[in-house]
Amino acid sequence: QGQLVESGGGLVQPGGSLRLSCAASGRTFSFFGMGWFRQAPGNEREFVATISWSGGTTYYADSVKGRFTISRGSAKNTVYLQMNSLKPEDTAVYYCAAAGKTIYRDYDVDYWGQGTQVTVSS
């Protein structure tokens, strides 16, 4: 049974940066696509970024393009989300996701993490 554990969330001022990490365990995730979603209070969960199993394909939501970068560790069982130029509207619980294909929608996801809170506020 696979497990995803996020870390790195917290409180940051507008314009600041945070780096989220997601560690996968319990099975081999090397050939899994991985991604990040987020959910703000009162909103539905939304797609943020995705990366293919090889790392060769990445894709971002328009709202974060140019500010966020998704990457994988060399062992392929860790995924990162570098978030720069953060805005108050980025405030949300961020969820790591994994699937046996590249993820573009929440219904693509086979495994979810428990989420980590990111708050952007002065």
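Scanning region 58-86 for residues being modelled with pLDDT under 95 and hydroxyl-bearing (Ser, Thr, Tyr) gives a total of 2. Elements of the type strands (runs of 3 or more DSSP E) sitting completely within region 1-120 and holding at least 3 residues that are surrounded by 13 or more Cβ atoms within 10 Å (Cβ to Cβ) and of a type outside the set (Ser, Thr, Tyr): these cover 3-7, 18-25, 33-39, 46-51, 68-72, 78-83, 92-99.
Residues that are over 12 Å from the mean Cα position of the chain (by Cα) and of a type in the set (A, V, I, L, M, F, W, C) within region 53-91 comprise Trp53, Ala75, Leu86, listed in sequence order.
The values are calculated or read from the model by the stated rules, or taken from the named source; none is laboratory data. Just so we're clear, the structure is a prediction, and the values are computed from it rather than from any experiment. Positions of Cβ are generated from backbone atoms using ideal geometry, with glycine treated the same way; all protein chains shown enter the neighbour counts.
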